[in-house]
Amino acid sequence: MLGGGGLVAANVYATASESGQTQAGQVLASGAATIDCPDVGSQLTAVPDEAKAEVDKELALLDKQIAEAYQRLQQSTQAIQQDGAFAENSIMNPLKEKRAATIERIAIAVDRVGDRPQGLEPFAACILRASGNQGEQGGDGQNGDQGGEDQQQDGDNQDNQGQDGQNQGEGQDNGQGQGDEQGDQQGGNGGQGGNGPVAADFVDIKSVQPNVQSARKQGNASRGTFSTACGVNANGLFNSDNVIVAPGVTNGAHHFHDYVGNQDNNAFASDQDLANGDTSCENKGDKSSYFWPVIRLQNGAEEQDAGSPGGGIEGNAGEIVTPKQVTMTFVGNPQSKVTEMPKLLRIITGDAKAFVNGNANANASWSCTGFEDRQLKDKYPLCPQGSDVVRTFKFQSCWDGNNIDSANHRTHVAFADANGVCGNGFKAIPQLVQRIVYDIDAPSLNDGGRTTPLFAVDSFPEQLHKPVTDHGDFINVFDEDLMGEMVDCINGGRKCDAADGAGDGDGGGAGEEPGNSPSPTPENPPGGNNGDDDPADNGNGNGNGNGGENTPSPTPTATASSGGNNQDEEPADNGAENTEKPSTDSTQAPDPADGEDKGNGETVPKAETSPSAVQSDEAAATGGDDNDLGGAVPGPEPSSASVLEPQATSGGLADTGTQLWPAAAGALLLLAGFVLLRRINSRQT
């Protein structure tokens, strides 16, 4: 099950104890319930254009109603303890009435210009259900490693749980200034308003088995890659809007997004605004908008949104973490050539409500550098020292050929099947693979994040910051000529960078981009990347494909560029994407995952020296996808940006030394002869 047991459909109204205190009251008092409402928007697969604006606003109102009900639930622990029916009578029934009225307005809006949608009435009712967090919240802040999945049966033992947190201030805004009592109850140094994350949301990445698989490329596959560098949002462009799902509605997302690319994206941005907007991308022909929920450290820090909707008011609290690296790479299809994306195409991948909706549309991928053949869907990774947290989004890559959006924002695009085939007459388009790296230390679970804070994505309040709710959004605002270059590059099997305006010119995709190291390292041995060149699979320091741990050998300091790439066909890590300068404490050659040598399962400090990036031609010929060129892939030529210090290999300094020693010995013998002859002559005279 996903989400630490929270996806068990348990209506917590179910049981009453002999004392009259309902199980609902016990669970709610511990802060261990959430509100589960059916997703109305996903049911609206066809909405006439004339009704879309009104329908979108009503759908956004449904989200607001749930958020407000959840906030009241969080603020009513004392009332719920005193009256077991309080939650139902004062929160859930009014919510149902509001939703019923909103759903009726949606039906009327569609009915005015088309066929009235049927069967929406049952979607008004919501339930309270166990979150799976109740076993995680101890009065002393000790979260522990109990695991939410095993805690639902412990409701009988929780009547005293959270008693110390009753002073948290029911009238205060959710997530802000609720005092040490709530911090103790939740664990951590401030937390996100008592609604997550918890220890059960995390797992040690080294305990996860390799699980990444990719479709094998066929003869007509489009094997090229096209990367675009748009920064890491270092300028701090945030808002809690979502112009795709809630256009014209402020705080439509109820959580904050990072934005890179287009700098004019907000709830009120029109297509023309996006087309005329500035961009953070290196190639100004890419004005696309790329956005995703921010990650926050649960350290009690107050950000700019501490008292704002979408931020602290809705439980999104703590320090926002700026990504260390963001790479955006468009890849081809393993079965066919790709066609150009239409301008202003909108794609959402993942489901921001997956904790209550289930995993039908969930597409979260969490991992650590050096371990990216192990992807997590419903857990945050605990990365070893020297390894960074990685979020990867692989967007839908099949398009219906007609629409740039759809009523539920999903049916106009789709994922290819396991073999890479687009069904239902859909066309293959370049697939956006987005990889976001964070320098975040593994939190200390034994003390609830007090020593090293927990981290979590922003979310709708009732989604409890579960990792399965992670999602990414994309609006294509590529210049048409640049989009044409992208498709030509991918279909031509080249490896291209938008900043360069051209590919490497090496057909078949076997070349290297500038700034990339020329060959695999011991952490990234030949034959990596799970047998293909999919950037989401990364090669990721796990080229052996089995997650085994290797001990690197040191080499002299490298002069390779920051964010470089040690693996052939590894577009997600291209050096041009990392806009940050190399840190002064990093003396190693770039890692295949993010420009730092993280090792492959070992605890490797970030300032360790790196393994040698020297590889023989024979080894290079065994790397990459054995399908790519119908056989071996030739080793790439090293670039000037990735040349290491001289190595004592054949033809280098060692050979020069073997040639000089005989001459030096002869010279010494000749000199000794002259000295001896001179002494003999002096004695004779």
Which whole number of Å³ per residue matches the convex hull of the alpha-carbon atoms in the stretch 358-461?
144
Restricting attention to the alpha-carbon atoms of the stretch 192-249, what are Rg (one decimal) and Dmax (integer), both in Å?
20.0, 53
Gain on full stretching of the segment that runs from Asp115 to Thr339 - 0.36 nm per residue minus C-alpha separation:
77.3 nm
Between Glu480 and Ala414, what is 0.36 nm times their sequence separation minus the Cα-Cα distance? Round to one decimal in nm.
21.5 nm
When ranked by the protection proxy of mean other Cβ atoms within 10 Å per residue, highest first, what sequence do the peptides 107-118, 88-99, 315-326 form?
315-326, 88-99, 107-118
Find, among the trypsin sites (Lys or Arg not before Pro) in the stretch 46-91, those assigned to loop by DSSP (not H, G, I, E, B) with at most 11 other beta-carbon atoms within 10 angstrom.
none
What order do you get for 334-347, 252-265 when each peptide is scored by the mean count of other beta carbon atoms within 10 Å, highest first?
252-265, 334-347
On the accessible surface of the stretch 200-270, probed at 1.4 Å with all protein chains in place, carbon and sulfur together account for a percent value of 47
Which of the residue pairs Lys337/Lys495; Lys52/Lys98; Lys217/Lys495; Lys287/Lys337 have a Cα-Cα distance greater than 18 Å in the structure shown?
Lys52/Lys98; Lys287/Lys337
Give the distance, in whole Å, between the Cα centre of the stretch 323-357 and the Cα centre of the stretch 402-442.
4
Sorted peptide list for 296-309, 219-232, criterion being average Cβ within 10 angstrom, highest first
219-232, 296-309
Could you do me a favour and compute the accessible area per residue for the stretch 222-287, 1.4 Å probe, result in Å²?
31
Can you give the FRET efficiency to the nearest 0.05 for Ser270 and Glu88, using r as the Cβ-Cβ distance and R₀ = 41 Å?
0.40
In angstroms, what radius of gyration and Dmax does the stretch 399-505 have, counting Cα atoms only?
19.6, 55
Summarise the accessible area of the stretch 312-366 (1.4 Å probe, protein heavy atoms) by the percent that is carbon and sulfur.
42
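The values are calculated or read from the model by the stated rules, or taken from the named source; none is laboratory data. Keep in mind that what you see is a predicted model, and the values were worked out from it rather than measured. Glycine also receives a Cβ, built like all others from the backbone with ideal geometry; neighbour counts cover every protein chain displayed. With ligands, DNA and RNA removed, areas are computed over all heavy atoms of the protein, side chains included. Shrake-Rupley method; radii C 1.70, N 1.55, O 1.52, S 1.80 Å.
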